[in-house]
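Visitor: Take this structure first; my questions come after.
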Amino acid sequence: MQLKRRLSRLNGRPRALAWKELVDLARDKKTLATSIMLPLIVFPLLGFISLALISTQEVTIAIVDLDNTSYTNPVLNITVSSSELVDLLKSHLEAKGYNVLLAKNLSAVNDTSIDVIVVIPPGYSRNASSLLYKAKVVIYKRAGIQAASRAESDILGIVYGYSNILAERKTEALIDYSRLNATVEAILYPLKPRTILISVGGKQVGIEYELRNLLARMLVIALSVVVTPATSFIIDGIIGERERKTIEMLLSTPLSVSSIIYIKLMAASMLGLLTALADALGFIAYMSFMSMAITGNPLAIPIDYGLLGLHAIVAFFTILVTVSIALPFITRTRGIRSAANIASIIAIAGTIMFFTGFMVDYTRLPQDIINPLYIIPYTHSILAIQYYVLGYKTQAILHTSILAIASITIIILSTKTLTTEKVLIAPQT
């Protein structure tokens, strides 16, 4: 009876129906919680848990010194000892939080509790101080262990750094021996490459420009997860009301089928818009936690409110076009499960596009490839964000406009295929 009274008050007014849809959405606490709060909680929680697990995960490294000698080169008069490298590895790795053991033989390779084994073979000191031979350091790494890969990277960094120190010492000794007018840097590092970040227009930019680009790519991926709540809401708004026998009362109002569908699409898109903003904020928090886990410092991402605003607009029309494409198929299904399956197929197609948008610069694709992709509305979603980050505001506005026009056109075409009978009565199987 309460629903009948609410519907009777509509009196053919679209504004009243829109208000009803928004009220229904506001009262649907579960949908709001899963669509808005979930991204705000899950992404930061994922980053926090990753940070906690990485920082607390114990990695054991064994150092095996099979050389255990010290050798002085008679020509260069420099002394190299294996213990010097052992001490350097031990101190630096322990400072990074690794558990470092000193083993006497290769039995450590068979110890499953040890993740990485660093072996200094016999003859290391003699070869490291030689002008003819190179010394070797062997690293045994357990396959399939992510933490072992991280430890290997740190070990290689220490070994390469120590290798440079030895090279400088030997070069300095050679310069003294030959009495050449030379410097160590000029001999060892005759080239000094330097990378300068520049924008598309040639202006020098800082690292924050790269971080902003990374954030934009993450926002493109975020588009793939904002479609589901909106499609679920529109499915419940049509198929759900049909199964609850409330769609008849809604269709009995003076409002046309098209007006009813338009309003339901707008309400679903508003839900998707809120989800998009929540996803964007959640991704920022996630990236900050992951940066702390990798580098030890939180990532200072410059917040571009223009980019976030554009993402919200693009997300709105992306949701609108997805739901509009699915609409004719949804209304022809008998139940919510079948409708959800159809919507999922369309959403998966969008997800594929958005994940390629994370890895591929759509703005750099050849014309013979990008031209056919223009037919797909999701292409314009990606291009709008990518062009904005590159500084091409006009192109970003252009592709956003194309996406908006495509959304409205598909909505009109979709609703043209609907009649009261198709919305009210499920097709026979």
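Visitor: Can you name every residue in the range 56-94 that is within 25 Å of Glu168 (Cβ to Cβ), more than 38 Å from the chain's Cα centre (by Cα) and among the β-branched types (Val, Ile, Thr)?
Guide: Of everything in the range 56-94, those that are within 25 Å of Glu168 (Cβ to Cβ), more than 38 Å from the chain's Cα centre (by Cα) and among the β-branched types (Val, Ile, Thr) turn out to be Thr69, Thr72, Val75, Ile78, Thr79, Val80, Val86.
Visitor: With respect to Thr379, determine if the residue is closer than 24 Å to Val225 by Cβ, assigned by TED's automatic domain parsing to the domain that holds Ser224 and at pLDDT 75 or above.
Guide: Working: closer than 24 Å to Val225 by Cβ: yes; assigned by TED's automatic domain parsing to the domain that holds Ser224: yes; at pLDDT 75 or above: yes.
So Thr379 fits the description; yes.
Visitor: Another one. Quick test for you: out of Ala222, Ala267, Ala230, pick the one residue that is under 19 Å from Pro377 (Cβ atoms), in contact with a Leu (Cβ under 9 Å, 6 or more places away or on another chain), crowded, with 20+ Cβ neighbours inside 10 Å and at pLDDT 70 or above. Don't jump to the end; show me each part of the working.
Guide: Details: Ala222 fails: in contact with a Leu (Cβ under 9 Å, 6 or more places away or on another chain); Ala267 fails: under 19 Å from Pro377 (Cβ atoms).
One residue alone meets the criteria, Ala230.
Visitor: Can you give me the number of residues within the range 379-417 that are closer than 30 Å to Leu197 by Cα and of a type in the set (Ser, Thr, Tyr)? Don't jump to the end; show me each part of the working.
Guide: To start, the set of residues in the range 379-417 that are closer than 30 Å to Leu197 by Cα comprises 379-400.
From the residues that got through so far, the ones that are of a type in the set (Ser, Thr, Tyr) too are 379, 381, 387-388, 392, 394, 400.
Of the residues in that region, 7 qualify.
Visitor: Same structure again: If I filter the range 66-77 for residues that are free of Cβ contacts under 8 Å to residues at least 60 places away in the same chain, touching a strand residue (DSSP E or B) at 6+ places or on another chain (Cβ under 9 Å) and of a type in the set (A, V, I, L, M), do I get at least one hit?
Guide: yes
Visitor: Hey, can you tell me all the residues within the range 167-207 that are surrounded by 14 or more Cβ atoms within 10 Å (Cβ to Cβ) and in a helix (DSSP H, G or I)?
Guide: Going residue by residue through the range 167-207, those that are surrounded by 14 or more Cβ atoms within 10 Å (Cβ to Cβ) are 167-175, 184, 187, 205.
If the condition is that a residue be surrounded by 14 or more Cβ atoms within 10 Å (Cβ to Cβ) and in a helix (DSSP H, G or I), then Ala167, Glu168, Arg169, Lys170, Thr171, Glu172, Ala173, Leu174, Ile175, Val184, Ile187 are the ones that fit.
Visitor: Condition first: assigned to a helix (DSSP H, G or I), farther than 25 Å from Tyr262 by Cα, among the small types (Gly, Ala, Ser) and modelled with pLDDT of 80 or more. Can you find one or more residues in the range 302-309 that meet it?
Guide: Here is the first cut: in the range 302-309, the ones assigned to a helix (DSSP H, G or I) are 305-309.
So of that shortlist, the ones also farther than 25 Å from Tyr262 by Cα come out as 305-308.
Okay, now just the ones that are also among the small types (Gly, Ala, Ser), so 306.
Applying the additional criterion that residues be modelled with pLDDT of 80 or more yields 306.
Yes, because at least one residue in the range 302-309 is assigned to a helix (DSSP H, G or I), farther than 25 Å from Tyr262 by Cα, among the small types (Gly, Ala, Ser) and modelled with pLDDT of 80 or more.
Visitor: Where the second residue is in a loop (DSSP other than H, G, I, E, B) and of a type outside the set (Lys, Arg) and the first is surrounded by fewer than 24 Cβ atoms within 10 Å (Cβ to Cβ) and lies in the range 373-397, which pairs have Cβ atoms under 7 Å and are six or more apart or on separate chains?
Guide: Cβ pairs passing all conditions: Gln386/Asp361; Leu390/Val200; Gly391/Ser199; Gly391/Val200; Gly391/Gly201.
Visitor: Could you list, in sequence order, all residues of the range 288-301 that are surrounded by 15 or more Cβ atoms within 10 Å (Cβ to Cβ) and either assigned to a helix (DSSP H, G or I) or at pLDDT 65 or above (or both)?
Guide: Across the range 288-301, the qualifying residues are Ser288, Phe289, Met290, Ser291, Met292, Ala293.
Visitor: A further question on this structure: Taking the range 107-146 as the search range and keeping residues that are outside any helix (DSSP H, G or I) and among the small types (Gly, Ala, Ser), which one is surrounded by the most Cβ atoms within 10 Å (Cβ to Cβ)?
Guide: Step one: filter the range 107-146 for residues outside any helix (DSSP H, G or I), giving 111-123, 129-145.
Those still in the list that are among the small types (Gly, Ala, Ser) too: 113, 123, 129-130, 135, 143-144.
Numbers: Ser113: 10, Gly123: 17, Ser129: 25, Ser130: 17, Ala135: 20, Ala143: 6, Gly144: 7.
My answer is Ser129.
Visitor: Name every residue in the range 78-109 that is among the small types (Gly, Ala, Ser) and closer than 25 Å to Leu166 by Cα, in order of residue number. Spell out how you get there, then give the answer.
Guide: Initially, the range 78-109 is screened for residues among the small types (Gly, Ala, Ser), giving 81-83, 91, 95, 97, 103, 107-108.
Result: Ser81, Ser82, Ser83, Ser91, Ala95, Ala103.
The values are calculated or read from the model by the stated rules, or taken from the named source; none is laboratory data. Bear in mind the structure is a predicted one, so any value in this text is a computation, not a measurement. Neighbour counts run over all protein chains shown; Cβ positions are idealised from the backbone, glycine included.
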